[in-house]
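Down below is the structure, laid out as structure tokens.
The values are calculated or read from the model by the stated rules, or taken from the named source; none is laboratory data. Values in this document were obtained by computation on a predicted structure and should not be read as measured data. When we count neighbours, we look across all protein chains shown, and the Cβ atoms used for this are built from the backbone with ideal geometry, even at glycine. Heavy atoms of the whole protein, side chains included, go into the accessibility calculation; ligands, DNA and RNA do not. Shrake-Rupley method; radii C 1.70, N 1.55, O 1.52, S 1.80 Å.
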Amino acid sequence: MTRIEAVLLCAGSSDRMGFDKLNIPIAGKTAIERSLEALIAGGANAVAFVVNAASEKTVADIPCSVPSRIVEGGRTRRESVRNALESGSCDIVVIHDAARCLVTPEIVGECIRSAVSSGSGIAAIPVVDTLFRSSGESAELIDRAGLYRMQTPQAFRYREILEAYRLNVPSATDDCTLYLAAGHVPCFVPGSEDNFKLTYPEDLARAQRMLTRYGTGFDTHRLVEGRKLILGGVEIPFEKGLLGHSDADVLAHAVMDALLGAGGLPDIGHLFPDTDPAYKDADSMRLLCSVRDLLNRNHLSPLQVSAEIIAQKPKMAPYLDRMRDNLSSALSIPPENVSLSATTTEGMNDEGRGLCISVRAVASLL
Ligand code: MG
């Protein structure tokens, strides 16, 4: 078997970010976890985590499905890579900056295949913008033909990149530069604009936009006499109420299912079964708080909720603001991130005949 070791660089500082970019989860996973998953799915069968004090703790908590080792980072990226190369051995090494956490397994796989067949595989993208060199007083157009922007992963035959690192070329800032200085011609494989590096705060915002998760929820409860009508934690004076094992707050239920769906978690029927006496007459807004806590334990936080109440009677408008405030405080999101509406079905369907109340909800998470 070809021994393909990923050198995952997790020792960078977050000076330009003002945010611990490698160790704080984005939509449930840290940059280190996301990079690791792509490297393994792309073909790495061993991993060397190059860490500093902050990332060492994160790495210790990450389950890794292939043999792994921890390498102490150096003062510079170059020292870090060299520490990893000198302390290990393999056939192909795939060097990757953990801050490029949106790398795909396909890019990793292409880099590895190219390194196996041609000695190197370096993710790079052609420059498409017009380039100028400017000194302030004059400007000169640069021909962009044949120009590439280097990314990672950068994969090499292990012996060749190790020898290149031992050459000590002081000006080199990345692996490819050293490889070139050692007399090799690097092979580029297509990277991606989405394989950007978390460097500035706007990069974090971009990653968050790409990783936002969505879910939908729907619930219906029967309207019967002798029950309270509770929606979004608000008790609404009405001649009937909703039937259910819990307080039958159909709005809270639909919102919970939307949130759980967005998080890829089991639905409320699994979490709070109606056969469990613990949930008899349960306050659904408290269940909603426990759903928020469950999401938080999975490093996910609600962003927005939108829900539509489908009921012929009673009129919902006087109560929507209070429902919204209750949902917003249960979910720890601003009221403006909760939108509620109500509709009748003009006398049609079971809602229209006053047999039930239904709610449709959409939620997003990060
Ligand atoms: Mg329900």
- Where nothing but the Cβ of Lys and Arg (+1) and of Asp and Glu (-1) is charged, how large is the charge dipole of region 273-366 around its Cα centre, in debye to the nearest 20? 100
- Accessible area, 1.4 Å probe, largest first: how do Glu72, Glu351, Glu86 sort? Glu72, Glu86, Glu351
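How far, in nm, would the chain grow between Ser192 and Ile125 when pulled straight, counting 0.36 nm per residue and subtracting the alpha carbon separation?
Answer, rounded to one decimal: 23.5 nm.
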- Item | Long-range HN-HN contacts of Ala46 with modeled amide H, under 5 Å | Ile4, Ala6
- Message: Students often forget the sequence filter, so: which lysines lie under 26 Å Cα-Cα from Lys228 once same-chain residues fewer than 8 apart are removed?
- Response: Lys240, Lys280, Lys313, Lys315
- Query: How big is the equivalent ellipsoid of region 1-127 along its three axes, where each semi-axis is √(5λ) from the Cα gyration tensor, reported in whole Å from largest to smallest?
  - Reply: 22, 16, 15
- With each run of n ≥ 4 DSSP H residues scored as -39500 (n - 2.57), what mean residue ellipticity at 222 nm is computed for the chain after dividing by its residue count and rounding to the nearest 500 deg cm²/dmol? -9500 deg cm²/dmol
- Within the chain: Cβ-based charge dipole about Cα centre, in debye rounded to nearest 20 (Lys, Arg +1; Asp, Glu -1): 380
- Query: Label Ala205 and Ser138 with points 7 Å out from Cα along Cα→Cβ: what is the distance between them in nm?
  - Reply: 3.8
- Taking a probe of 1.4 angstrom, what is the accessible area of Lys228 in Å², to the nearest 10? 120
- Distance histogram for region 72-136 (every C-alpha pair counted, 10 angstrom bins, percent rounded to whole numbers): 16, 35, 32, 14, 3
- Message: Probe radius 1.4 Å, ligands and nucleic acids left out: which of Val93, Val116 has the largest accessible area, and how do the rest follow?
- Response: Val116, Val93
- Identify the residues of region 23-64 with backbone N under 17 Å of a label point that sits 7 angstrom from the Cα of Asn298 along the Cα-to-Cβ direction, or state none. 25-30, 34
- Task: Compute the distance in nm between two label points, each set 7 Å from the Cα along the Cα-to-Cβ direction, one at Glu106 and one at Ser290.
- Result: 4.3
- Query: What is the extension gain from Thr343 to Leu167, computed as 0.36 nm multiplied by their sequence separation minus the C-alpha to C-alpha distance, in nm to one decimal?
  - Reply: 56.1 nm
- Quotient of Cα Rg and 2.2 N^0.38 Å for region 146-220, N being how many residues it contains: 1.70
- Item | Percent of C-alpha pairs per 10 Å bin, region 175-280, short to long | 12, 24, 19, 13, 12, 9, 6, 4, 1
- Query: For region 224-239, in order, what is each residue's ³J(HN,Hα) by Karplus, 6.51 cos²θ - 1.76 cosθ + 1.60 with θ = phi - 60°, in whole Hz (x at glycine and Pro)?
  - Reply: 9, 6, x, 10, 7, 9, 10, 9, x, x, 9, 7, 10, x, 7, 6
- Which value in nm describes the separation of the simple spin-label points at Asp61 and Lys315, placed 7 Å from the Cα toward the beta carbon? 5.1
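Once you sort the root eigenvalues of the Cα gyration tensor of the chain as a ≥ b ≥ c, which label holds: rounded (a/c under 1.5), prolate (a/b larger than b/c) or oblate (the other case)?
Verdict is prolate for the chain.
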- Message: Restricting to Cα pairs below 8 Å that are 6+ residues apart, what does the relative contact order work out to for the chain? Please round to a whole percent.
- Response: 15
- Task: Per residue of region 359-366, in order, report the coupling 6.51 cos²θ - 1.76 cosθ + 1.60 (Karplus, θ = phi - 60°) as ³J(HN,Hα) in whole Hz, putting x for Gly and Pro.
- Result: 9, 10, 9, 10, 9, 10, 9, 9
- Label 7 Å along Cα→Cβ of Glu308; region 244-283 residues with amide nitrogen under 16 Å? 251, 254-255, 258
- Note on the structure: A correct Karplus calculation of ³J(HN,Hα) over region 95-106, with 6.51 cos²θ - 1.76 cosθ + 1.60, θ = phi - 60°, whole Hz and x for Gly and Pro, returns 8, 9, 7, 4, 5, 8, 7, 9, 4, 9, x, 5
- Message: Run the reach check for Lys197 against lysines, Cα to Cα strictly under 28 Å, same-chain hits fewer than 8 apart removed. What comes back?
- Response: Lys21, Lys29, Lys57
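With the cut-off at 18 Å, report for region 323-364 the share of all Cα pairs above it, as a whole percent.
Every Cα pair in region 323-364 considered, those over 18 Å come to 41 percent.
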- Message: Test of understanding: what is the full-extension gain from Arg322 to Ser87, defined as 0.36 nm times their sequence separation minus their Cα-Cα distance?
- Response: 78.4 nm
